[in-house]
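Visitor: Here it is, the structure in full.
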Amino acid sequence: MCGIVGYIGREKAIPKILNSLKFLEYRGYDSSGIAYVKDNHINIIKEIGKIKCLEKIVDTMVDSKIGLGHTRWATHGIPSVKNSHPHQVGKFTVVHNGIIENYLSIKNELIKNNIEFNSDTDTEVIPALLDYYYKKDKNILNVIKKTISRLKGSYAVGIICEDDINHLYAFRCGSPLIIAKDDSGYYLASDVPAILSFTNKYILLDEKEIAVLSKNDCEVFSLNLDKIHKKINIFEGTQETIMLNGYEHYMLKEIHEESKVFLDTLNYYVKENKFKDTMINFKKYNKIHIVGCGSAYYVGLIGEYLISEFANIEVTCEVASEYRYKKVFYDKKTLVIIISQSGETADSLAALRMAKENHIDTLAIVNVVGSSISREADYTLYVKAGPEIAVATTKAFLAQVTLISLLAVKLSNKLELLREFNGLEKHIEYLLNLDYNEYAETIYKHENTFFIGRLIDYALCLEGALKLKETSYINALAIASGELKHGTISLINENVPVIGICTKKDMMSKTISNLKEVKARCAYTIFITNEDIQDDFYDKKIIIPKVHDIVSPIITVIPLQLIAYYVAKKRGCDIDKPRNLAKSVTVE
Ligand code: AGP
């Protein structure tokens, strides 16, 4: 996933573009670039590394009023200057987020037409096609329409044409793109955080819509080139909500927002009764498929345990990248729930579209308002986590677990269970304020760890292991603890710390015996539980406040998030922007 931004107006474009790129860096950060118009010429500067590397070589004082910017997460072609965006072919300069799946056939066709390519990217076929069609038709909208008709895959594109430097052009399909306006001019961007320092009003481009921006106006056209009116959205938040506010990392800031996020999500669905507004008649369904990727998938697993246990409904939870390709058995009483923080994850979007192609009702649980998944699902339940900048999801995860726990209560019709949510924010605050350095100290020097647990605690093990992997690069394995004996216990020795999680009374003795098994093989053990058990099978323990099973996962995840954070900090990792990752994987 990459971040694109553009500006056209009455003020200097370069400082605005560089500022916006910093708020898109979470989308990809292996290289970046900028194009700006000066004296009727398009200048392009590109650099590998983070935005600060680009800033060092760009003169922000240049008086240019139109430009494009890009921050890259490499998909085709290694991170290098030549593969960085913007890409220019002939008259057209382009920035792109997404993947052009049929780029090779287009590239080969254009090479046969003597068009030269300078990069290894899929993106370069976009300016090449634009320029190829422009040679025959000087109407840029027609040229864009023809280009879109050739492209397969996902794309959000910003364009400057050398023959028309008083306009920016933009179009999208599959990848998000917003248009915004302030008193100085117009912006295009992949995501709202990029423009929040200028305005909180924006429009969302829909699939295959084309935007034409000038310093005084913005027009949006359908693919048939009919002019269309777009609704103005107001972003619920401010620049401050995405600033660090004194925290060293966004990840830590966002974890410490979790009691507010919990209350905002709880009140939105209980006090304001937003379930009612979704108009979804849950009684229609006797089977639920939950689908997601990464941490969203683990939210789904927690939902599977809670909904099946409390609502007595058959639930299966699948990884979206598997679900979208496997034989899936639907019936009219099936509900497919897609969980996604960004609402842009390609595999989750594809799973949603597959369910809709089978005429199955779809419900999205999403954090980002107006995201593709939220717009295409039949019903959407938003969590109230606010913008999440750190690549490793934390507050959005907790908000999604809160929401899916509320959904389990709603589906169970046992509304008395709502009482168990009251006051949970106190337990969240308690866990946020424990000292996790002592636990991180016992883990950070190792290269391997185990997380073991059963049932819903196993789902939490999966999330805890992922947090540790993606922030500290430690090889963390989550194992259903009953599985240890079936092979993986062979990996246990004094260099493999084991974190055991047990919050369910009926699993306590079994989990304790699993911890004793690894202790007997010299593992260093940390026990996370809600029972204050005195014994020698653990080296350290974290006592979770004892709460009802329906809300236990909401608080149990907090120590796992903070252990990962402090381990990564001790290892000197780039916590908010881990290597090779991006905040939302909008490509397959
Ligand atoms: C979580 O910390 C990871 N960054 C990643 O697994 C993420 O949960 C996954 O890519 C799904 O993203 P989504 O929730 O935006 O769909």
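The values are calculated or read from the model by the stated rules, or taken from the named source; none is laboratory data. Everything numeric in this text was worked out from a predicted model, so none of it was measured. Here the Cβ is made from the backbone with ideal geometry for all residues, glycine too, and neighbour counts use every protein chain on show.
Visitor: Determine, yes or no, whether Tyr444 is in a loop (DSSP other than H, G, I, E, B) and among the aromatic types (Phe, Trp, Tyr).
Guide: yes
Visitor: If you scan the range 161-185, which residues turn out to be touching a Lys or Arg at 6+ places or on another chain (Cβ under 9 Å) and closer than 20 Å to Thr71 by Cβ?
Guide: Answer for the range 161-185, where residues must be touching a Lys or Arg at 6+ places or on another chain (Cβ under 9 Å) and closer than 20 Å to Thr71 by Cβ: Phe171, Arg172, Ile179, Ala180.
Visitor: Restricting attention to the range 308-333, report how many residues are under 22 Å from Lys414 (Cβ atoms), outside any helix (DSSP H, G or I) and among the hydrophobic types (A, V, I, L, M, F, W, C).
Guide: Within the range 308-333, residues that are under 22 Å from Lys414 (Cβ atoms), outside any helix (DSSP H, G or I) and among the hydrophobic types (A, V, I, L, M, F, W, C) number 3.
Visitor: Follow-up question, since we're still on this one. Does the range 189-200 contain any residue that is part of a strand (DSSP E or B) and over 20 Å from the mean Cα position of the chain (by Cα)? Can you show your working first?
Guide: First, the residues of the range 189-200 that are part of a strand (DSSP E or B): 189.
From the residues that got through so far, the ones that are over 20 Å from the mean Cα position of the chain (by Cα) too are none.
No, every residue in the range 189-200 fails to be part of a strand (DSSP E or B) and over 20 Å from the mean Cα position of the chain (by Cα).
Visitor: Mind listing whichever residues of the range 228-279 are of a type in the set (A, V, I, L, M), touching a Ser or Thr at 6+ places or on another chain (Cβ under 8 Å) and over 30 Å from Tyr436 (Cα atoms)?
Guide: Across the range 228-279, the qualifying residue is only Ile228.
Visitor: From the residues in the range 314-331 that are buried (at least 21 other Cβ atoms within 10 Å of the Cβ) and within 16 Å of the ligand (Cβ to nearest atom), which one is nearest to the chain's Cα centre (by Cα)? Even if it seems obvious, please write down each step before you answer.
Guide: First pass over the range 314-331, keeping only residues buried (at least 21 other Cβ atoms within 10 Å of the Cβ): 315, 317, 320, 323-324.
Next, from what is left, pick out any that are within 16 Å of the ligand (Cβ to nearest atom): 317, 320, 323-324.
Values: Cys317: 19, Ala320: 14, Tyr323: 19, Arg324: 19 Å.
Among residues in the range 314-331 that are buried (at least 21 other Cβ atoms within 10 Å of the Cβ) and within 16 Å of the ligand (Cβ to nearest atom), the one nearest to the chain's Cα centre (by Cα) is Ala320.
Visitor: Continuing with the same structure: Test Ser348 against the criterion of being away from the ligand (no atom under 16 Å from the Cβ) and buried (at least 23 other Cβ atoms within 10 Å of the Cβ), and give yes or no.
Guide: Working: away from the ligand (no atom under 16 Å from the Cβ): no; buried (at least 23 other Cβ atoms within 10 Å of the Cβ): yes.
So Ser348 does not fit the description; no.
Visitor: Any idea how many residues of the range 434-488 are closer than 20 Å to Arg579 by Cα, of a type in the set (D, E, K, R) and more than 16 Å from the ligand (Cβ to nearest atom)?
Guide: Residues in the range 434-488 being closer than 20 Å to Arg579 by Cα, of a type in the set (D, E, K, R) and more than 16 Å from the ligand (Cβ to nearest atom): 2 in total.
Visitor: Now for a separate question. Give the residues of the range 539-573 that are within 23 Å of Trp73 (Cβ to Cβ) and either among the aromatic types (Phe, Trp, Tyr) or modelled with pLDDT under 95 (or both), sorted by residue number. Can you show your working first?
Guide: Just the residues of the range 539-573 that are within 23 Å of Trp73 (Cβ to Cβ), to begin with: 564-565, 568, 571-573.
Within the range 539-573, just Tyr565 meets the criteria.
Visitor: Something else: Kindly indicate whether any position in the range 509-523 is more than 20 Å from Glu463 (Cα to Cα), surrounded by fewer than 22 Cβ atoms within 10 Å (Cβ to Cβ), more than 16 Å from the ligand (Cβ to nearest atom) and touching a residue at least 40 places away in the same chain (Cβ under 8 Å). Don't jump to the end; show me each part of the working.
Guide: Start the filter on the range 509-523 by keeping residues that are more than 20 Å from Glu463 (Cα to Cα), which leaves 509-510, 512-513, 516-523.
Right, trim to surrounded by fewer than 22 Cβ atoms within 10 Å (Cβ to Cβ) and you get 509-510, 512-513, 516-517, 519-522.
From what's left, more than 16 Å from the ligand (Cβ to nearest atom): 509-510, 512-513, 516-517, 519-522.
If we keep only those that are touching a residue at least 40 places away in the same chain (Cβ under 8 Å) too, we end up with 510.
Yes, the conditions are met somewhere in the range 509-523.
Visitor: Okay, next question. Quick check, is Glu420 more than 16 Å from the ligand (Cβ to nearest atom) and free of Cβ contacts under 8 Å to residues at least 24 places away in the same chain?
Guide: Numbers: more than 16 Å from the ligand (Cβ to nearest atom): yes; free of Cβ contacts under 8 Å to residues at least 24 places away in the same chain: no.
No.
Visitor: If I ask for residues that are hydroxyl-bearing (Ser, Thr, Tyr) and either near the ligand (Cβ under 7 Å from one of its atoms) or within 17 Å of Asn97 (Cβ to Cβ) (or both), which ones from the range 332-345 would you list? Break it down into steps so the answer makes sense when it comes.
Guide: Going through the range 332-345, the residues hydroxyl-bearing (Ser, Thr, Tyr) turn out to be 334, 340, 342, 345.
Matches in the range 332-345: Ser340, Ser342, Thr345.
Visitor: Out of all the residues in the range 84-100, which are in a loop (DSSP other than H, G, I, E, B) and surrounded by fewer than 24 Cβ atoms within 10 Å (Cβ to Cβ)? Before you say what the answer is, go through the steps one by one.
Guide: From the range 84-100, those in a loop (DSSP other than H, G, I, E, B) are 84-86, 90-91; that's our starting set.
Within the range 84-100, Gly90, Lys91 meet the criteria.
Visitor: I would also like to ask the following. Scan the range 7-41 residue by residue and report those that are outside any helix (DSSP H, G or I), within 18 Å of Asp182 (Cβ to Cβ) and among the basic types (Lys, Arg). Before you say what the answer is, go through the steps one by one.
Guide: Within the range 7-41, the first condition is being outside any helix (DSSP H, G or I), and the residues that meet it are 7-12, 23-24, 28-41.
Right, trim to within 18 Å of Asp182 (Cβ to Cβ) and you get 7-12, 23-24.
Correct list: Arg10, Lys12.
Visitor: Next up: Among the residues of the range 370-384, what is the count of those that are more than 11 Å from the ligand (Cβ to nearest atom) and not in a helix (DSSP H, G or I)?
Guide: Looking only at the range 370-384, we keep the residues that are more than 11 Å from the ligand (Cβ to nearest atom), and these are 370, 374-382, 384.
Retained after the next criterion (residues that are not in a helix (DSSP H, G or I)): 370, 377-382, 384.
Summing the residues that are more than 11 Å from the ligand (Cβ to nearest atom) and not in a helix (DSSP H, G or I) in the range 370-384 gives 8.
Visitor: Further, regarding this structure: Please determine whether any residue of the range 295-305 is within 14 Å of the ligand (Cβ to nearest atom), in a loop (DSSP other than H, G, I, E, B) and crowded, with 23+ Cβ neighbours inside 10 Å.
Guide: Taking the range 295-305 as the starting set, the residues that turn out to be within 14 Å of the ligand (Cβ to nearest atom) are 295-303.
Checking the rest, the ones that are also in a loop (DSSP other than H, G, I, E, B) come to none.
No.
Visitor: Which residue is modelled with the lowest pLDDT, if the candidates are limited to the range 351-369 and must be within 14 Å of the ligand (Cβ to nearest atom) and buried (at least 19 other Cβ atoms within 10 Å of the Cβ)? Spell out the reasoning first.
Guide: So in the range 351-369, the residues within 14 Å of the ligand (Cβ to nearest atom) come out as 351-352, 364-369.
In the following step, the residues that additionally are buried (at least 19 other Cβ atoms within 10 Å of the Cβ) were identified as 351-352, 364-368.
Details: Ala351: 98, Leu352: 98, Ala364: 97, Ile365: 98, Val366: 97, Asn367: 95, Val368: 91.
Only one residue tops the list, namely Val368.
Visitor: Cβ-Cβ distance below 8 Å, separation of 6 or more or different chains: which pairs start in the range 341-356 with a residue that is assigned to a loop (DSSP other than H, G, I, E, B) and end on one that is surrounded by 24 or more Cβ atoms within 10 Å (Cβ to Cβ) and basic (Lys, Arg)?
Guide: Once the first residue is assigned to a loop (DSSP other than H, G, I, E, B) and sits in the range 341-356, its partners that are surrounded by 24 or more Cβ atoms within 10 Å (Cβ to Cβ) and basic (Lys, Arg) give Ser342/Lys583.
Visitor: Among the helices (runs of 4 or more DSSP H) confined wholly to the range 101-162, which include 3 or more residues that are surrounded by 14 or more Cβ atoms within 10 Å (Cβ to Cβ), aliphatic (A, V, I, L, M) and under 35 Å from the mean Cα position of the chain (by Cα)?
Guide: Numbers: elements: 103-112, 125-134, 140-150.
Per the criteria, 125-134, 140-150.
Visitor: Which condition number in (1) assigned to a strand (DSSP E or B); (2) more than 21 Å from the chain's Cα centre (by Cα); (3) without any contact (Cβ under 8 Å) to a residue 40 or more places away in the chain is the one that Ala211 fails?
Guide: Every condition holds for Ala211 apart from (3).
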